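A short worksheet on the structure shown next.
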């Protein structure tokens, strides 16, 4: 069966967190991405080389790109699964009934002394 849709023409990829080194127990926030008007949204959390620590993805919503609240599990498609290995990708979808205007991802790192390099977060939106 041939492909039936043009994903490149309908999808937008925004880097919410540029590749970064996380080497302490901390919360590393990505930038907010406007999703108002999108028909589908997915966040991609990625680690590169990991020496130690656990990196837990966390999705947050905002109506003003300033005040943030954690997404509830019923608002997400997929789990915010902790990352404990190098070169790992975790994808989390946002369910269509979410009314927030902005989304961001963040990593919550624990058990970290030397850390992880090239941790990044991308937001993929599908136009309405």
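Among the residues of this structure, residue 110 counts as one that is over 16 Å from the mean Cα position of the chain (by Cα), over 23 Å from residue 66 (Cβ atoms) and touching a residue at least 24 places away in the same chain (Cβ under 8 Å).
Quickly run through the stretch 101-120 and pick out the residues that are surrounded by fewer than 18 Cβ atoms within 10 Å (Cβ to Cβ) and more than 11 Å from residue 28 (Cβ to Cβ). 101, 110, 111, 113, 114, 117, 118, listed by residue number. Annotation: residue 13 fulfils all but one of (1) exposed (fewer than 14 other Cβ atoms within 10 Å of the Cβ); (2) in a loop (DSSP other than H, G, I, E, B); the unmet one is (2). Restricting the stretch 70-128 to residues that are at pLDDT below 90 and in a strand (DSSP E or B) leaves a set whose member that is farthest from residue 41 (Cα to Cα) is 117. For the stretch 69-97, the candidate set comprises residues that are without any contact (Cβ under 8 Å) to a residue 40 or more places away in the chain and farther than 15 Å from residue 58 by Cβ; within that set, the residue that is nearest to the chain's Cα centre (by Cα) is 77. Filter the stretch 27-49 for residues that are touching a strand residue (DSSP E or B) at 6+ places or on another chain (Cβ under 6 Å) and in a loop (DSSP other than H, G, I, E, B); which is surrounded by the fewest Cβ atoms within 10 Å (Cβ to Cβ)? So the residue we want is 49.
When 77, 65, 97 are screened for being surrounded by fewer than 19 Cβ atoms within 10 Å (Cβ to Cβ) and out of contact with any strand residue (DSSP E or B) (no Cβ under 9 Å at 6 or more places or on another chain), only 97 passes.
The values are calculated or read from the model by the stated rules, or taken from the named source; none is laboratory data. Keep in mind that this is a model prediction, so the values were computed, not measured. We place every Cβ from the backbone using ideal geometry, glycine too, and count neighbours over all the protein chains shown.
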